[in-house]
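The structure under discussion appears below in the form of structure tokens.
The values are calculated or read from the model by the stated rules, or taken from the named source; none is laboratory data. These figures come from a predicted structure and were not determined experimentally. As a convention, Cβ positions derive from the backbone with ideal geometry for all residues, glycine included, and neighbour counts pool all protein chains shown. Only protein heavy atoms, including side chains, enter the accessible area calculation; ligands, DNA and RNA are left aside. Shrake-Rupley method; radii C 1.70, N 1.55, O 1.52, S 1.80 Å.
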Amino acid sequence: MEFKELKRKKERGVSNEDFMDKSKEFFEDAESIVVVGVDQNGLISTFYTQSTSLNAIGMMEVAKSQLIDEMEV
């Protein structure tokens with residue numbers, strides 16, 4: 001594991017590599033997946049497994065709602 005990943009693991013409790021590995025196991029049988037990330041320059045990239053972006057937008061709206069609900073607890 002690179003220094004950058006070790007630093008992330010220390011700061012956040014998990015490295016990006018570990019997070020993606022666990023996500024891969026969890027979503028192995030998923031019908032669709034949306035992944036959003038921010039690079040070092042602040043550029044946000046989104047990847048999704050659907051053939052249309054409409055379903056991906058709906059999934060992100062649900063995720064947004066879930067995150068807001070978590071913040072209110």
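Residues in region 27-34 carry Karplus couplings, in order, of 9, 3, 9, 5, 6, 8, 9, 10 Hz; the curve used is 6.51 cos²θ - 1.76 cosθ + 1.60 with θ = phi - 60°, and Gly or Pro positions show x. I want to make sure I understand the PRE zone here: with the label point 7 angstrom from the Cα of S32 toward its beta carbon, which residues in region 39-73 have backbone N atoms less than 16 Å away? From region 39-73, the list is 46-65. Within the accessible area of region 33-73, the carbon and sulfur atoms contribute 60%, probe 1.4 Å, all protein chains present.
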